[in-house]
1. List every residue pair whose Cβ atoms lie under 8 Å apart, where the two residues are 6 or more positions apart in sequence or sit on different chains, the first residue falls within region 8-33 and is of a type in the set (S, T, Y), and the second residue, located anywhere, is in a loop (DSSP other than H, G, I, E, B) and crowded, with 20+ Cβ neighbours inside 10 Å.
2. Does R244 fit the bill of being farther than 22 Å from G8 by Cβ and in contact with a helix residue (DSSP H, G or I) (Cβ under 6 Å, 6 or more places away or on another chain)?
3. So, restricting to helices (runs of 4 or more DSSP H) that lie completely within region 170-285, which ones have at least 3 residues that are out of contact with any Cys (no Cβ under 6 Å at 6 or more places or on another chain) and under 27 Å from G57 (Cβ atoms)?
4. Being more than 22 Å from S40 (Cβ to Cβ), within 20 Å of the chain's Cα centre (by Cα) and not in a loop (DSSP other than H, G, I, E, B), is that true of even one residue in region 110-118?
5. Within the group A222, A217, A193, which residue is touching a residue at least 12 places away in the same chain (Cβ under 8 Å), surrounded by fewer than 18 Cβ atoms within 10 Å (Cβ to Cβ) and in the same structural domain as G159 (by TED's automatic domain parsing)?
6. If you take the residues of region 141-178 that are of a type in the set (V, I, T) and within 19 Å of the chain's Cα centre (by Cα), which of them is surrounded by the fewest Cβ atoms within 10 Å (Cβ to Cβ)?
7. For region 16-65, enumerate the residues that are closer than 18 Å to D80 by Cα and assigned to a loop (DSSP other than H, G, I, E, B).
Amino acid sequence: MSDYATPGALVSADWAKEHLDDPNVRFVEVDVDTSAYEQSHIPGAVAWDWTSQLSDGVRRDIVSRGDLEALLSRSGIGPDTHIVLYGDNNNWFAAWAYWQLKLFGWARVSILNGGRKYWVDNGLPVTVDVTDHAPTQVGLPEVDRSLRAFRDDILSHLGAVGTTLALVDVRSPAEFNGEVIAPPGMSETAQRAGRIPGATSAPWAQTVNEDGTFKDADTLRAHYGGKGVTPDKDVIAYCRIGERSSHSWFVLHELLGYPNVRNYDGSWTEYGSLIDVPIEKGVPA
């Protein structure tokens, strides 16, 4: 993992296997399919439910500081615990959890390269047993807003898109072109199909290999650089509800070391339902 910009942001399956019994490491599974953990999981891992534990359903917002502190405590995670996140769909919601932990200043956190897919496909240890962990006392600082973009950040800078601002749409080409609003089976939708004007299409799936692991740094750098998404720009990533753009934020900010990257977690579900804002459709010229 030495070719990536942030040491420790990723850990390998080999590293994880060696640390299964390490009391200072807590594996946390965060899946799109919230029943996957019950079918099998890494021994000693806990499960976080993205629909209820990593979001505030009343305010449609990220988890609150108090609720995250309580979740960490129930998971047996203390101030010095190294959290290793993994999940299905090539770590979609593992990246979502990672981004939120970084918003609240958690330093010792990594993503398991390859996620659940790589671990299971390679026959690595799994169990159906649930481990109880003693609760801890955890205090978190106030949220760091510098890693998060909001709708007003988008609307007030539309004229800068493509020059000083790179707006990265990480959804599928069909979503980007306005052919569909959401992928099949996904319930959260917007009122309109399309994209934010000036956005660059850089689908999240192009950053991972067939086995679920991330592509190497040189390949990733060429992927974004060829689309004009360069380190000298302010970069904002978005998708539909913020989980895929968290994945791309992780690649850009943590793996490539871009200095100014934010995740717009309101994403198309919010922007595509706003009144009197511009959108684009179709294949760009």
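1. Hits for this filter: S12/N113.
2. yes
3. 243-249, 267-271
4. No, there is no match, as no residue in region 110-118 is more than 22 Å from S40 (Cβ to Cβ), within 20 Å of the chain's Cα centre (by Cα) and not in a loop (DSSP other than H, G, I, E, B).
5. The unique qualifying residue is A217.
6. Restricting to residues being of a type in the set (V, I, T) and within 19 Å of the chain's Cα centre (by Cα), the top hit is V143.
7. H19, L20, D21, D22, P23, N24, G44, A45
The values are calculated or read from the model by the stated rules, or taken from the named source; none is laboratory data. Since the structure is predicted, the reported quantities are computational estimates derived from the model, not experimental observations. In this analysis, Cβ positions are derived from the backbone assuming ideal geometry, glycine residues included, and neighbour counts consider all displayed protein chains.
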